[in-house]
Amino acid sequence: MKFNTKTIHGKQQHDPSTGAVTPPIYQTSTYAQASPGDHKGYEYSRTANPTRTALENAFASIENGNYGLAFGSGLAAIDCVLKILKPGDEVVSTNDLYGGTYRIFIKIFEQYGIKFHFIGMENAGNIESFVNKNTKLIWVESPSNPMLNIIDIKAASVIAKKHNVLLAVDNTFATPYLQNPLDMGADIVMHSATKYLGGHSDVVMGGLIVNDKDLADKLYFIQKSCGAVCGPMDSFLVLRGIKTLHVRMQRHCENAKVVAEYLAQHPKVETVFWPGFENHPNYKIAKEQMRDFGGMISFSTKGNHLKDAITLVENFKIFTLAESLGGVESLSGHPASMSHASIPKAAREKIGVVDSLIRLSVGIEDDEDLIADLEQALALI
Ligand SMILES: Cc1ncc(COP(=O)(O)O)c(C=O)c1O
């Protein structure tokens with residue numbers, strides 16, 4: 001199957017008990033057994049639930065993986081990956097990543113004896129100098145949040161394989177419509193399905209996809225033992241979202257191109273961060289490993305004044321000021337005070353998260369309306 005067909009049919013079957021074309025919401029915690037252990041494959045919904053199974057199969061299908069796992073949030077999925085590690089293990093992570101990922105690494109897992117190295121990975125060769133005998137995991141986010149840096153996933157996977165280290169890729173921004181990290185040698189793909197996979201800003205959800213059976217077994221064991229699973233209603237919503245992922249992503253990409261080009265020529269805009277520009281530092285890698293450039297853009301304004309950023313986000317009419325991204329509606333965010341506030345000021349400024357930086361999640365509205373909205377707000381600063 002090709003991708004557009006997989007979003008709708010991949011690893012799906014009509015409901016075996018009724019033939020329902022859409023997987024029903026199995027709103028049940030438990031399942032009748034004829035005799036102890038004699039059941040129809042389901043015992044208790046923390047371990048497995050048929051609506052979640054349908055979603056986990058869809059996750060695996062769209063990422064070209066063998067196994068999918070769904071969680072109550074993207075961070076719950078990250079938490080599951082980190083629990084493979086033991087005290088003394090080390091992780092090499094990109095330094096430009098979602099603030100909540102940084103927070104769970106530093107504030108939760110560091111106190112259990114795991115050591116993190118946050119490094120610039122725009123040149124993937126940098127990774128190797130931080131790998132030592134204790135390194136067990138390389139954590140990559142590409143495109144990164146919010147600077148839209150691009151990391152060469154194939155090059156990172158060569159280093160991971162050479163040192164027998166797992167490579168995990170947060171594929172939230174790209175989605176499998178644009179890139180498939182497992183095909184490029186990654187071991188684990190992670191998603192905040194809250195974003196493009198769900199696609200309608202109505203659910204919080206996380207996902208993991210892997211190929212290797214032993215790794216999948218370890219993750220399923222942690223999933224059921226720690227219990228950070230999503231419910232059947234949320235599974236249903238994300239499964240429905242995935243069915244239109246390809247058409248939504250196509251429009252997100254088209255609109256983002258129009259918005260990025262508009263911002264780049266605006267006299268009040270300092271820099272536009274979008275991997276589709278030929279002068280983006282890793283444009284060549286983006287073009288090679290992605291099928292288009294995505295719906296996320298960040299930009300800074302001339303003079304780098306916090307007050308200008310605040311004026312803009314307060315006055316957008318269509319780009320609603322809100323956390324999150326990847327829904328059908330356009331959103332704006334101020335990373336320094338919102339999504340990345342948990343990163344100390346000096347550390348975030350070093351990676352480019354300056355006071356005037358605004359992040360846009362470009363939705364699928366008419367592009368003329370999006371440009372008019374930016375225009376009217378930029379006229380106010
Ligand atoms: C790139 C990225 N990874 C992970 C997460 C965490 O996901 P969730 O909010 O679903 O827990 C986010 C949330 O914004 C994100 O943007």
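The values are calculated or read from the model by the stated rules, or taken from the named source; none is laboratory data. Quick caveat: nothing in here was measured; it's all calculated off a predicted structure. Don't worry about glycine lacking a Cβ; one is built from the backbone with ideal geometry, like all the others, and counts go over all protein chains shown. The area values use the complete protein model at the heavy-atom level, side chains included, leaving out ligands, DNA and RNA. Shrake-Rupley method; radii C 1.70, N 1.55, O 1.52, S 1.80 Å.
Odds and ends about this structure:
- One residue stands out in the stretch 126-139 among those that are open to solvent by less than 60 Å² (accessible area, probe 1.4 Å) and in a strand (DSSP E or B): the one that is nearest to the ligand (Cβ to nearest atom), namely 139.
- Among residues of the stretch 2-21, those that are among the aliphatic types (A, V, I, L, M), surrounded by 10 or more Cβ atoms within 10 Å (Cβ to Cβ) and without any contact (Cβ under 8 Å) to a residue 12 or more places away in the chain, counted: 1
- No other residue among 72, 100, 65 is over 18 Å from residue 225 (Cα atoms) and either in contact with a strand residue (DSSP E or B) (Cβ under 7 Å, 6 or more places away or on another chain) or modelled with pLDDT of 95 or more (or both) apart from 65.
- Odd one out for residue 57 among (1) open to solvent by 50 Å² or more (accessible area, probe 1.4 Å); (2) part of a loop (DSSP other than H, G, I, E, B); (3) touching a residue at least 12 places away in the same chain (Cβ under 8 Å): (2)
- From 62, 84, 25, residue being away from the ligand (no atom under 16 Å from the Cβ), open to solvent by 10 Å² or more (accessible area, probe 1.4 Å) and under 24 Å from the mean Cα position of the chain (by Cα): 84
- Residue match in the stretch 351-358 (condition: modelled with pLDDT of 95 or more and within 16 Å of the ligand (Cβ to nearest atom)): yes
- Qualifying residue in the stretch 231-238 (condition: within 15 Å of the ligand (Cβ to nearest atom), under 13 Å from residue 69 (Cβ atoms) and open to solvent by 10 Å² or more (accessible area, probe 1.4 Å)): no
- Pick from the stretch 87-115, criterion under 19 Å from residue 160 (Cα atoms) and open to solvent by 10 Å² or more (accessible area, probe 1.4 Å), ranking: farthest from the ligand (Cβ to nearest atom): 88
- Residue 48 being at negative phi, open to solvent by less than 30 Å² (accessible area, probe 1.4 Å) and not in a loop (DSSP other than H, G, I, E, B): no
- Selection from the stretch 286-337 of residues that are within 16 Å of the ligand (Cβ to nearest atom) and farther than 30 Å from residue 243 by Cβ: 334, 335, 336, 337
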